[in-house]
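Q: Pasting in a structure now, in structure tokens, and then I'll have a few things to ask.
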Amino acid sequence: MAALSVLAGFALLGAALWASRRGFVRTRIGVSRRPRSLEPVEKLMLTPQHALHLIRVAGRDVIVATHPQGCTFIQAMPVERGASA
């Protein structure tokens, strides 16, 4: 009987994990009402292991390259007036 209870508990846990990964369960964790100071704008895949990322950080656009060895800062520039995410 105890083994059946443990199996039922794991089944419920697995179902909850599956539902949360599929988007059936919406959580409020990480929801913020204030403007985001760090947001991804665009991503360009160069190869399966290399990409360029355009990230908006506190009113500036930053270009970062990612690769198997890590990431490399490329350039930062102010956001143009009228540009929106």
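Q: Run the numbers on the stretch 32-80 and let me know its relative contact order in percent, using alpha-carbon pairs under 8 Å that are six or more apart.
A: Rounded, it is 26 percent for the stretch 32-80.
Q: Another question about this same structure. No solvent, one uniform scatterer per C-alpha: report log10 I(q)/I(0) for the stretch 32-80 via the Debye equation at q = 0.14, 0.18, 0.22 1/Å, two decimals.
A: -0.38, -0.58, -0.78
Q: What is the sum of charges, Lys and Arg at +1 and Asp and Glu at -1, for the other residues whose Cβ falls under 14 Å from the Cβ of Thr66?
A: 0
Read the figures in this text as sums done on the coordinates, not as results from a lab. As the structure is a computational prediction, the values presented were derived from the model and not from experiment. Please note: Cβ atoms are built from the backbone with ideal geometry, for glycine as well, and neighbour counts cover all protein chains shown.
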